[in-house]
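What follows is one structure encoded as structure tokens, with my remarks underneath.
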């Protein structure tokens, strides 16, 4: 007697991701204005939507995440003599790519002239199995009709709601639950370590020697609001970079790239963070701060959609995004920003943005791979290093001019102490760049500085010198 055929769903089951949603993201990455025709296609039905998207996007699925627990179970069934069939509602072309990559399935069932979902998938499975008992792996409510007719039903990472509806329909599910990290995954998606950058909001208060607790509390709320919106933009950036991140030695472990956080959940989380962040900014800090936050968001989206792959413009925009935080701190507290502070900020942050790019290229060079989704080549590395070091030194030069200026003498009682900041600043910058050239710098200098004792020593020493100069 032949063994039951095993039918396996693709989206959300074999892979924690969704091929159609990935295609939608690729289409939006090509041109954000595709959002409007996509709405029109969706109104015409699921099959029209899928065919229109697939006409315009041909995804590379070589790095699509695969659920290891499901793959292990399928290998066991294959070794036991079962026939494996990949049965998906995704378009035939994409399902065929995944099947060919894994080399595990005997054949595929996929959407060709209609959306093979729910009852349509059940009909296709019945026709393929010739009415014989079968095993089915699925993950969502739409799989219930197939589960009901299966001899053995497997539920992969099913939600509590799906399990309840399946039980109500008389389905006994064999659960396969992968460990996705729980709450830690959501925190990782927010990139909380990047919130350290929002400490720049307090720089105008520090530079103006402002001790008013009300202003500090106001800016503390602004810090949280800025962090929430920034986290939303990080999630969107990760969604746009799924393909490139999966080919990166470290970024492939990010929640969306690895499949630990689904595209739908990531999108809803991003939306909630952004809305709450703007609401908090308006309520706690004011409309002017909220306007600067909106400008920050727009520049970030321009960076993601247009300029991220444009050499040199990308690092200039990154430097601008740092500087906008300083501007937001001034606007939120009502403190007038000096041109000295803005000039120093811009050159320092340009140097750090170039550190980030150079560190990425250095690491890829070490791995023997080429940069993906960027406007740089490996041959650009030496020039980028020169630009970054020069930018950092210019920032120190502007600081020295400030110390010797009338503004410095007016604001500080003994500005001579500030001269000590210059060699400290030079040492810190030179060390950062040497570590980058030695391939000891992770691709984000801010993250590095947070965990670096010498960087903390530098900050403390500067704080002491500023205190003595005051």
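The values are calculated or read from the model by the stated rules, or taken from the named source; none is laboratory data. Small disclaimer: the values here were computed from a predicted structure and weren't measured. For neighbour counting, all protein chains shown are included, and Cβ atoms are generated from backbone atoms with ideal geometry for every residue, glycine included.
Quick one: which of 306, 331, 326, 292 is under 20 Å from the mean Cα position of the chain (by Cα) and either farther than 30 Å from residue 383 by Cβ or in a helix (DSSP H, G or I) (or both)?
Values: 331 fails: under 20 Å from the mean Cα position of the chain (by Cα); 326 fails: under 20 Å from the mean Cα position of the chain (by Cα); 292 fails: under 20 Å from the mean Cα position of the chain (by Cα).
When all the criteria are applied, what remains is 306.
Only one entry in 339, 391, 379 is under 30 Å from residue 469 (Cα atoms) and at pLDDT below 90, namely 339.
The residues of the range 67-96 that are part of a helix (DSSP H, G or I) and closer than 19 Å to residue 113 by Cβ, listed by number, are 92, 93, 94, 95, 96. When you check residue 395 against the structure, is it assigned to a helix (DSSP H, G or I) and crowded, with 16+ Cβ neighbours inside 10 Å, yes or no? Criteria met by residue 395. Screening the candidates 261, 239 for the property of being in contact (Cβ under 8 Å) with a residue 40 or more places away in the chain, under 17 Å from residue 25 (Cβ atoms) and outside any helix (DSSP H, G or I) yields one hit, 261.
Annotation note: Cβ proximity below 7 Å between a residue of the range 408-424 that is touching a residue at least 40 places away in the same chain (Cβ under 8 Å) and a residue that is surrounded by 15 or more Cβ atoms within 10 Å (Cβ to Cβ) and part of a loop (DSSP other than H, G, I, E, B) (sequence gap 6+ or interchain) occurs for 418/412.
If I ask for residues that are assigned to a helix (DSSP H, G or I), over 20 Å from residue 196 (Cβ atoms) and without any contact (Cβ under 8 Å) to a residue 12 or more places away in the chain, which ones from the range 431-453 would you list? Of everything in the range 431-453, just one residue is assigned to a helix (DSSP H, G or I), over 20 Å from residue 196 (Cβ atoms) and without any contact (Cβ under 8 Å) to a residue 12 or more places away in the chain, namely 434. Test residue 13 against the stated conditions and say whether it is part of a loop (DSSP other than H, G, I, E, B), closer than 20 Å to residue 110 by Cα and in contact (Cβ under 8 Å) with a residue 12 or more places away in the chain. The answer is yes for residue 13. Selection of the range 65-94 for residues being surrounded by fewer than 17 Cβ atoms within 10 Å (Cβ to Cβ) and either within 24 Å of residue 3 (Cα to Cα) or touching a helix residue (DSSP H, G or I) at 6+ places or on another chain (Cβ under 6 Å) (or both) yields 68, 69, 71, 72, 75, 76, 78, 79, 80, 81. For the range 157-188, a tally of residues being surrounded by 17 or more Cβ atoms within 10 Å (Cβ to Cβ) and farther than 29 Å from residue 231 by Cα returns 5.
Looking at 364, 384, 320, just one residue is buried (at least 17 other Cβ atoms within 10 Å of the Cβ) and in contact with a helix residue (DSSP H, G or I) (Cβ under 6 Å, 6 or more places away or on another chain), and that residue is 384.
Quick check, is residue 185 within 32 Å of the chain's Cα centre (by Cα) and closer than 15 Å to residue 8 by Cα? The answer is no for residue 185. In the set 268, 273, 280, only one residue is part of a helix (DSSP H, G or I), under 18 Å from the mean Cα position of the chain (by Cα) and crowded, with 17+ Cβ neighbours inside 10 Å; that residue is 273.
Residue-by-condition table, conditions (1) modelled with pLDDT under 95; (2) buried (at least 16 other Cβ atoms within 10 Å of the Cβ); (3) touching a helix residue (DSSP H, G or I) at 6+ places or on another chain (Cβ under 6 Å); (4) under 16 Å from residue 345 (Cβ atoms):
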| residue | (1), (2), (3), (4) |
| --- | --- |
| 399 | yes, yes, yes, yes |
| 402 | yes, yes, yes, yes |
| 405 | yes, no, no, no |
| 409 | yes, no, yes, no |
| 412 | yes, yes, yes, no |
| 418 | yes, yes, yes, no |
